[in-house]
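**Student:** First the structure, then my questions, so here it is.
The values are calculated or read from the model by the stated rules, or taken from the named source; none is laboratory data. Treat the numbers as computed from the prediction; the structure is a model and nothing was measured. Methodologically, a virtual Cβ is constructed for each residue, glycine included, from the backbone with ideal geometry; neighbour enumeration extends over all protein chains shown. Please note that ligands, DNA and RNA were not included when accessible areas were found on the heavy atoms of the full protein model with its side chains. Shrake-Rupley method; radii C 1.70, N 1.55, O 1.52, S 1.80 Å.
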Amino acid sequence: QVQLVESGGGLVQPGGSLRLSCAASGIIFRFYRMGWYRQAPGKQRELVAGITSVGSTNYADSVKGRFTISRDNAKNTVYLQMNSLKPEDTAVYCCDAARGGVDYWGQGTQVTVSS
């Protein structure tokens, strides 16, 4: 049974930081491309950041220079370090594991940026 469990969300003031974690089980983690997506109320889900099995990364333009995605294959975990948070970063953040046309999704964690 594949499970992706996100953690680390919460309420933070503008300019603050959060680190999200996504722990995977039931897959050979190191073979999977991992991604962080977010969906705000009334908006479509968007890719925030992705990291391939060999560590190549990509980011949405809106988060470049502020967010960093990383992975620890020994811990089967992918991280999203979020700095200089803005109110428009408020959303439910989900992680995704993809390989060979198959995707697995976590339940998501809420991030709220507000003063």
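**Student:** Can you give me the accessible area per residue for the range 6-115, using a 1.4 Å probe, in Å²? Intermediate values should be presented prior to the final figure.
**Tutor:** Numbers: 5690 Å² over 110 residues.
Per-residue accessible area for the range 6-115 comes out at 52 Å².
**Student:** Same structure again: Please work out the FRET efficiency for the pair residue 88 and residue 56, using the Cβ-Cβ distance as r and a Förster radius of 35 Å; give the result to the nearest 0.05. Numbers along the way, then the final one.
**Tutor:** Working: r = 26 Å, r/R0 = 0.76.
Calculated transfer efficiency: 0.85.
**Student:** Sequence gap at least 6, Cα distance under 8 Å: using those rules, report the relative contact order of the chain to the nearest whole percent. Please list the in-between numbers first.
**Tutor:** On the way: 279 pairs, mean separation 41.8, N = 115.
Computed value for the chain: 36 percent relative contact order.
**Student:** Under a Cβ-only charge scheme (Lys and Arg +1, Asp and Glu -1), can you give me the dipole magnitude of the range 5-115 about the Cα centre, in debye to the nearest 20?
**Tutor:** Working: 12 positive and 8 negative charges, 38 e Å.
Dipole size: approximately 180 debye.
**Student:** What translational diffusion coefficient, in µm²/s and rounded to a whole number, does the Stokes-Einstein relation yield for the chain at 20 °C and a viscosity of 1.002 mPa s, taking the hydrodynamic radius as the Kirkwood radius over Cα pairs?
**Tutor:** Details: Rh = 14.0 Å.
The calculation lands on 153 µm²/s.
**Student:** Just the number, please: carbon plus sulfur as a percent of the accessible area of the range 10-97, 1.4 Å probe, no ligands or DNA/RNA counted. Numbers along the way, then the final one.
**Tutor:** Numbers: 2120 of 4380 Å².
Roughly 48 percent, rounded to a whole number.
**Student:** ³J(HN,Hα) across the range 99-115 via Karplus (A = 6.51, B = -1.76, C = 1.60, θ = phi - 60°), whole Hz, x for Gly/Pro?
**Tutor:** Running phi through 6.51 cos²θ - 1.76 cosθ + 1.60 with θ = phi - 60° gives 6, x, x, 10, 10, 10, 10, x, 7, x, 9, 7, 10, 10, 10, 7, 8 Hz.
**Student:** Here is a follow-up. Count neighbours as other Cβ atoms within 10 Å of each site's Cβ, and list the trypsin sites (Lys or Arg not before Pro) in the range 1-63 that are DSSP loop with at most 10 such neighbours. Write down the numbers at each step before the final one.
**Tutor:** On the way: sites: 19, 30, 33, 38, 43, 45; in loops: 43, 45.
Answer in residue order: 43.
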